[in-house]
Amino acid sequence: MAKTLDKWQFGDFQTPSDLATRVVEVLKRNHHIAPDLIIEPTCGKGAFVRAALSGFTDSKVVAYEVNPEYVSDASASIEPDQAERVSIKQGDFFLLDWEEVLNQNKGSLLILGNPPWVTSSELGILNSENLPEKTNFQGRRGIEAITGSGNFDISEWMLLRHVDWLEKHDGALAMLCKYSVARKIMRKLRQKKEHRLFGHIYSIDAMKYFSAAVDACLFVLTTDVGNADCEVFDSLEATQPAYIIGERDGFVVRDIETYEKYRSLRGQDSVYIWRSGLKHDCSKVMELAKQNEAYENGFKAKVDVEPTFVYPLLKSSDIGNSRTDICRRWVVVTQRSVGESTDRIKFEAPKTYEYLENHADVLNSRKSSIYRGKPKFSIFGVGEYTFLPWKVAISGLYKKLDFCLVGPIDGKPVIFDDTVNFLSFKTESEAKFVHSLLMSEPARKFYDASIFWEEKRPITTEILRRLSLKEVARYLGLLDKYMEYVGYRETTNADGQLSLGIAEKATGYKRASST
């Protein structure tokens, strides 16, 4: 069902009464909250107002709502014996003097509700006035900071205002919001040197309650000795967190308990370095399908090129679904290193050069600034590692830790798109060994504790590089075997001769002398 204009511009997802009641139960059961004053800043038709009055029988409730019809509906829904404990008024969140509201009411505070589920860019499309004043509250740089034009969730801006309230008043916050917004708020709290807030996230079924396909939660902040850790509960019924998000070793990790158990595996690996795949930003020209031994590009045109610069291509969907033996697409790889001259294509593969020249207007119109001043037909994410025959790869987009062993296809090394992360190897045996390390329980537990699966691209090279394969091998009792491969990699000279002394120095590991 399409959103109505009002529903769109006001992020109007009315809270079902039973959900509001369950939220209040959670606050009483898990957090023992007993506020003197409850503020509902955007009360809608009053679901949270009614739940608060029924659940907190000694509390005063102050509610505001921008829609006058909703104010009437909410007021009419209040039981007569509760009317003296509640005030429901029309007011625009972005225009109200909240400091005055707070100062007029004393005692412990609970900020309760369901702020709008809408972004600033959506409201900009509608020319809506239901927006906060433009400020650089996200700490953006450049033109976005000057204009306030960066896209953000309206609820994020509102929640940060609520955090400011809790810096000055004892109490708690309990808001329904997107899971991503809750995490952004916790990230902001970590940036403060001193704060006194502790986070709690309860997963809710947004499709069930709001018919919205989004990761949503009840986000609770309590005033305590804050360390910016955040408990995450699987549901509103849960009484114990499934895991705790926190900052460790300079990284924000999803599950601090599991991370600390496998903390010894952390470290930068100087030998095995995770890379992202090829970036060309012109799939219709650079990517080819093969039909009866003939190539076809994205314009559905037949392509006659030499095989010299054409390589098998596996995309994130292939790796994510473990389709690694059959190639459905091929890619033109114009360089062996970033910035390399592409003139040699003219002499080594004249038909390929002619094909690229015929589509030079498309290639030259690529929007990314990284192509400016570079040789024509340039690509990125390419180096010696790209052309090694064996690889271990994982999709950056799929929400699972599935490392794939990938060998040559049709006698050529496989190329990946830039949403795939991979390691490269000269030999199948080394690739298989490293693959076994990555698929081991300790490595998978370490990564799982570090990855936020709800992210659009949860698995990144930055996260993958946090794990030391050497420490995994040590943990598994396979350090000798690891050193055999590392020693060869570090010390093989141009003649293929191995210097063990240099290997020991490079790796900090000394083999036991033979007897």
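The values are calculated or read from the model by the stated rules, or taken from the named source; none is laboratory data. Just so it is clear, the model here is predicted, and its values are computed rather than measured. In this analysis, Cβ positions are derived from the backbone assuming ideal geometry, glycine residues included, and neighbour counts consider all displayed protein chains. In case anyone asks, the SASA skips ligands and DNA or RNA and just uses the protein heavy atoms, side chains included. Shrake-Rupley method; radii C 1.70, N 1.55, O 1.52, S 1.80 Å.
For the reader, a short list of remarks on this structure follows.
- For Asp18 and Lys300, a Förster radius of 45 Å and the Cβ-Cβ distance give a FRET efficiency of 0.25, rounded to the nearest 0.05.
- Alpha-carbon centroid distance for the pair segment 385-409 / segment 293-315, whole angstrom: 22 Å
- Mean Cβ neighbour count within 10 Å, used as a protection proxy, ranking 387-399, 302-314, 283-295, 362-374 highest first: 387-399, 302-314, 283-295, 362-374
- Number of Lys pairs (Cα under 21 Å; 8 or more positions apart or on different chains) in segment 243-316: 9
- Inter-site label distance for Ala238 and Asn292 at 7 Å from Cα along Cβ, in nm: 5.7 nm
- Difference of contour (0.36 nm per residue) and Cα-Cα distance, Ser108 to Ser337: 76.2 nm
- Accessible surface of the chain, 1.4 Å probe, proportion on carbon and sulfur as whole %: 48 percent
- Solvent-accessible surface of segment 165-228, averaged per residue with a 1.4 angstrom probe and all protein chains in place: 42 square angstrom.
- With DNA, RNA and ligands ignored, accessible area of Glu454 (1.4 Å probe; Å², nearest 10): 50 Å²
- Sorting 174-187, 236-249 by average packing, meaning the other beta carbons within 10 Å per residue, from highest down gives 174-187, 236-249.
- Structure-derived Rg and Dmax of the Cα atoms in Å: which label, when the choices are (1) 23.9, 74; (2) 28.7, 93; (3) 30.2, 108: (2)
- Two-site label geometry, Ser317 and Ser54: point separation in nm, points 7 Å out along Cα→Cβ: 4.8 nm
- Ranked from largest to smallest solvent-accessible area, with a 1.4 Å probe on the protein heavy atoms, His32, His195 come out as His32, His195.
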